[in-house]
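Student: The structure is given below, and queries will be raised subsequently.
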Amino acid sequence: MKQSWLYFLRNWQLYILLLGPVAYFLIFKYGPMYGILIAFQDFNLFKGVMGSPWVGFDVFREVFGMSAFYKALRNTFMLNLADLLFSFPAPILLALLLNEITRVRFKKWAQTILYLPHFLSWVIIGGIMLQVFATNTGIVNLLLGHLGIDPIPFLTDKYNWLITYLVVGVWQSAGWGTIIYLAAITGINSELYEAAAMDGAGRFRKMRSITLPGIRPTIVVLLILKIGEIVQISFDRPYVIGNVSVLDFSEVISTFVYKTGVQTANFSLATAVGLFQAVVGIILLLAANRIAKKITGNGVF
């Protein structure tokens with residue numbers, strides 16, 4: 001106890017700096033958690049959380065009895081798994097390629113071009129997609145028309161929409177993710193590359209034997225976090241890119257909550273779905289972490 005107190009006195013400045021972040025999480029993250037109670041109530045906005053009648057698990061029974069919920073859940077898993085398959089490896093590949101570029105000026109220019117889309121909101125990206133991929137007025141289909149090729153319904157056919165959704169997602173996120181892996185690569189001992197070069201190893205051999213193993217802990221951590229978010233999906237991306245023609249694929253949990261819970265003021269239903277997402281996300285996160293520890297020896301916790 002005495003040693004802990006002496007340590008605190010020596011490093012009191014660090015604890016003072018921690019007060020801000022801790023207060024933020026307590027006030028804005030843990031404080032509102034009492035709102036989870038709404039999921040077990042017939043919530044009335046005027047009576048509030050403490051005055052609304054309790055209904056137990058009736059709200060969850062209502063949610064699990066809706067066919068629209070299972071459709072949204074299926075699409076959420078489908079889009080996130082497809083994103084995991086295509087979007088997750090993209091920044092790793094880009095980081096490996098950029099790391100091999102020796103011209104510093106070109107490398108910085110390429111990095112800037114690649115991560116700029118990350119700063120565009122999905123509303124702006126949705127407008128760009130409409131200008132590029134619209135069936136009758138999009139740039140791509142106009143060019144195809146000049147070549148004598150029939151227009152492709154990128155945004156109105158659900159299968160074409162799915163491909164477009166994934167491609168645009170890779171374009172928007174890959175550059176930003178590349179920064180993380182490039183930072184991890186800089187932590188690899190350069191002497192390993194020098195020793196490999198003396199043994200006659202080429203670039204691809206160095207990538208496979210030095211770079212990839214060196215960034216494996218980073219890959220595992222980000223993969224675990226990504227798996228934990230499989231049941232979570234942002235609202236803006238599917239809502240902005242989606243339309244009534246592709247609702248079979250674009251209707252996800254977040255848009256389902258907005259339309260069924262928020263627009264109709266059914267806050268109990270919206271909270272119940274959100275709680276379901278959180279519980280499933282925690283389970284997936286713990287399972288992915290456990291599997292990663294057994295296979296690679298690396299984990300988040």
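The values are calculated or read from the model by the stated rules, or taken from the named source; none is laboratory data. Just so you know, these numbers come straight off a predicted model, no measurement behind them. Methodologically, a virtual Cβ is constructed for each residue, glycine included, from the backbone with ideal geometry; neighbour enumeration extends over all protein chains shown. Note: areas computed on protein heavy atoms with side chains; ligands, DNA, RNA excluded. Shrake-Rupley method; radii C 1.70, N 1.55, O 1.52, S 1.80 Å.
Student: Taking amide H positions as placed 1.01 Å from N in the peptide plane, with prolines and chain starts having none, which residues 5 or more places from residue 41, or on another chain, fall under 5 Å of its amide H?
Tutor: Here the answer is 55, since their amide H atoms fall under 5 Å of that of residue 41.
Student: Assigning unit charges at the beta carbon (Lys, Arg +1; Asp, Glu -1) and nothing else, what dipole magnitude in debye, to the nearest 20, does segment 1-121 show about its Cα centre?
Tutor: That gives a dipole near 600 debye.
Student: Give a residue-ordered list of calculated ³J(HN,Hα) values for segment 230-247 (Karplus: 6.51 cos²θ - 1.76 cosθ + 1.60, θ = phi - 60°; whole Hz; x for Gly, Pro).
Tutor: 4, 8, 9, 8, 5, 7, 5, 5, x, 6, 6, 7, x, 7, 5, 6, 10, 4
Student: How big is the chain along each principal axis, measuring the range of its Cα positions in Å and listing the largest first?
Tutor: That works out to 82, 74, 35 Å along the principal axes.
Student: Got a sec? What order do 100, 229 fall in by accessible area at 1.4 Å, biggest, i.e. largest, first?
Tutor: Highest to lowest solvent-accessible surface, that is 229, 100.
Student: For segment 95-140, what's the radius of gyration and Dmax over Cα atoms, in angstrom?
Tutor: That works out to 15.2, 44 Å for Rg and Dmax.
Student: When the solvent-accessible surface of protein heavy atoms is calculated with a 1.4 angstrom probe, in what order do 253, 128 fall, highest first?
Tutor: Result, largest first: 128, 253.
Student: Still on this structure, please answer the following. Taking a probe of 1.4 angstrom, what is the accessible area of residue 78 in Å², to the nearest 10?
Tutor: The accessible area comes out at roughly 50 Å².
Student: Still on this structure, please answer the following. Just subtract the alpha-carbon distance of residue 34 and residue 294 from 0.36 nm times their residue separation and send over the number in nm, one decimal.
Tutor: 90.0 nm
Student: How much of residue 5 can a 1.4 Å solvent probe reach, expressed as accessible area in Å² and rounded to 10?
Tutor: Accessible surface of residue 5 is approximately 150 Å².
Student: Considering amide H positions built from the backbone, and no H for Pro or chain starts, which residues 5 or more places from residue 230, or on another chain, come under 5 Å of its amide H?
Tutor: Those qualifying (amide H under 5 Å, at least 5 residues apart or on another chain) number zero.
Student: Let me ask another. Could you rank 58, 150 by how accessible they are, 1.4 Å probe, largest area first?
Tutor: Result, largest first: 150, 58.
Student: Ordered by residue, what ³J(HN,Hα) values in Hz, to whole numbers, does segment 251-259 give under the Karplus form 6.51 cos²θ - 1.76 cosθ + 1.60, where θ = phi - 60° and Gly and Pro are x?
Tutor: Couplings: 7, 10, 4, 5, 6, 4, 5, 5, 6 Hz.
Student: With charges only on Cβ, +1 for K and R and -1 for D and E, what is the dipole size of the chain about its Cα centre, in debye, rounded to 20?
Tutor: 960 debye
Student: Going by the alpha-carbon gyration tensor, a ≥ b ≥ c the square roots of its eigenvalues, is segment 1-150 rounded (a/c under 1.5) or, if a/c is not under 1.5, prolate (a/b greater than b/c) versus oblate?
Tutor: oblate
Student: Taking the dipole about the Cα centre of segment 70-177, with the C-beta of Lys and Arg at +1 and of Asp and Glu at -1, give me whichever of 85, 106, 170 is farthest to the positive side.
Tutor: The residue sitting farthest along the positive end of the dipole is 106.
Student: Quantify how much of the Cα-Cα distance distribution of segment 1-56 extends past 20 Å, in percent.
Tutor: Distances greater than 20 Å cover 54 percent of the Cα pairs.
Student: Could you state how much accessible area residue 283 has, in square angstrom rounded to the nearest 10, with a 1.4 Å probe and all protein chains kept in place?
Tutor: For residue 283, solvent-accessible area is about 100 Å².
Student: Please compute the alpha carbon radius of gyration of segment 128-168, then divide it by the globular-protein estimate 2.2 N^0.38 Å. Two decimals is fine.
Tutor: This ratio for segment 128-168 stands at 1.07.
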